[in-house]
Amino acid sequence: MQQQARLTTGPVASTLARLSLPMVIAMFAMMGLNIVDTYFIGQLGTEQLAAMGFTLAVVMAVNSVSMGIGMGTSALVSRVIGRGDAVEARRLTVDAIALGVAVALGIVTIGLLTIDPLFTSMGAEGDVLEYVRQYMMIWYLGLPLVIIPQVGNSGVRAAGDTKTPAKIMLTVLTINAILDPLMMFGYGPFPELGLRGAAIATVISQGIAMVISLIVLRRMGLFALESQRMSEVLSAWKRILTIAIPAGVTQLITPISTGVITSIVATYGVAAVAGFGVVSRLEMLSIMLVMAMGAALVPFIGQNWGAGHKSRVSQAVKAALIFAMSWGVFVWLVALVFGRQIASVFNDNPEVIAVVTAYMAIVFPSYTMLGALQTVTNSLNALHKPLRSLVLSLLRMFVLYVPFAFLGSTVWGLTGVWWAGFGANMVAGVIAILWFRHTLRHMPAEELAPQPGLLGIDPA
């Protein structure tokens, strides 16, 4: 436990930086998986690519569920590690993985029974619907292999190791990139499986990730099969889900609300939608470092709160906020100087470029507060206050952004939609900072130190 609770000592800022950089690599690897799949599926044909477009919403929803379970796992296990309870840390990790399997099996059952009615209602028909069936039948059956490594990697991060999960994700990306063309196009001894091959490649690569993740957890002492009473397992699931459900819903808020904003933008024509698509992707890239820092805060805060180091938690969040806001200023300045050149990389249509540059000029200055909001929501999850995190996300998107985008569109046109985005980021960010300060000030730190005799070792 003393080795795993490595985040409770040492310089705060440099420790956060050490945790965050591998997280950035892992996020790029996840994006790379989507890019590789999209590229090779695009070689199969337009109908296959359209089928993948229909599956995106389901895949994003399931990813939100697994990310929520992962957040709950990391927040709980890191706090237990911080207070030095090795047995509880191992049991929570195992129970979290079991919860992931149970949830996956439930989704598999429902998913297999609803492929046709669900995707038909979304507009898939004919050959496209058949391609959807081919992909989703395999993807659903392999879903436990997808969720288990995501939850397992959260346990690894809870112990302060973000490098190993990043290496696992790079391994998945490499294997998937190799298997995709082999299994889709039938090179060498492999049969030509088309879209089924893409699904099989995903399941195989994630299965390998699952094996590696479980081996790493076992070596860290965080995974071992041992008997537990069902009441203990259900109690652990309840604790995990208390954080996982709000965190998962929070993950769903952005894609849902973005769809609503897109419907508003669509009334201004194809160029407006194309430009909004470009800036949405640029926004994801722009705040990726901030998201990585926010994710790194979860195990850091968990371990230090569990160890009773309230001052280190305060220092860490302050350092992360300074970084997030400074990074927001940097992104805004880059957009001011190179905005038109950046926009032209994605599309050379003058109307699209005009939409992108207008968005950058109005919304990008608010990325200082958007970064602060991301930092606070992750910090609140780490402090086991996920409902507050959810409220802040709902406030930004559905109380501020969406209603004022409708109003702004009516009064000022497309520019009004962008100003609604600016205002939502700024107001939600300021509220988030103030609310977090109030939360931290009124939360007594857990003064829990490792107990004598833990693992047979006197902590003195």
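A short reminder: the numbers here are calculations on the coordinates, not readings from a lab. Since the structure is predicted, the reported quantities are computational estimates derived from the model, not experimental observations. Note: ideal-geometry Cβ built from the backbone for every residue, glycine included; neighbour counts use all protein chains shown.
With 0.36 nm allotted per residue and the present C-alpha distance subtracted, the Val329-Arg441 stretch has 37.5 nm of extension available.
Work from the charge dipole of the chain (Cβ charges, +1 for Lys and Arg, -1 for Asp and Glu, about the Cα centre) and give the residue of Met284, Leu21, Gly10 farthest towards its positive end. It is Gly10. Put a plus charge on the Cβ of each Lys and Arg, a minus charge on the Cβ of each Asp and Glu, and nothing anywhere else: the dipole of segment 6-226 about its Cα centre is then about 1160 debye. When mean projected area of the Cα convex hull in nm² is computed from the coordinates, the matching label among (i) 29.2; (ii) 23.0; (iii) 33.8 is (ii). For the chain, a simple Cβ point-charge model (Lys and Arg +1, Asp and Glu -1, everything else neutral) yields a dipole of about 1620 debye relative to the Cα centre. Once the Cβ-Cβ distance of Tyr187 and Thr415 is raised to the sixth power relative to R0 = 51 Å, the FRET efficiency obtained is 0.50.
Looking at segment 209-309, the trypsin sites (Lys or Arg not before Pro) that sit in a DSSP loop and have at most 16 other Cβ atoms within 10 Å of their own Cβ are Arg229. A straight Cα-to-Cα reach below 19 Å connects Lys385 with the lysines Lys238, Lys310, Lys318, residues fewer than 8 places away in its own chain not being considered. Of the residues Val352, Trp327, Ser379, the one whose Cα sits farthest toward the positive end of the charge dipole of segment 303-406, with +1 on the Cβ of Lys and Arg and -1 on the Cβ of Asp and Glu, is Ser379. Between Ile322 and Ala266, what FRET efficiency follows from the Cβ-Cβ distance if R0 is 30 Å, with the result rounded to 0.05? Using R0 = 30 Å, I get an efficiency of 0.20. Legend: calculated FRET efficiency, Thr114 to Ala13, from the Cβ-Cβ distance at R0 = 45 Å, rounded to 0.05, equals 0.40. Modelled label positions at Met31 and Glu351, each set 7 Å beyond Cα in the direction of Cβ, lie 2.8 nm from each other. A simple spin-label model places pseudo-atoms 7 Å from Cα toward Cβ; at Met137 and Ile256 they are separated by 3.2 nm.
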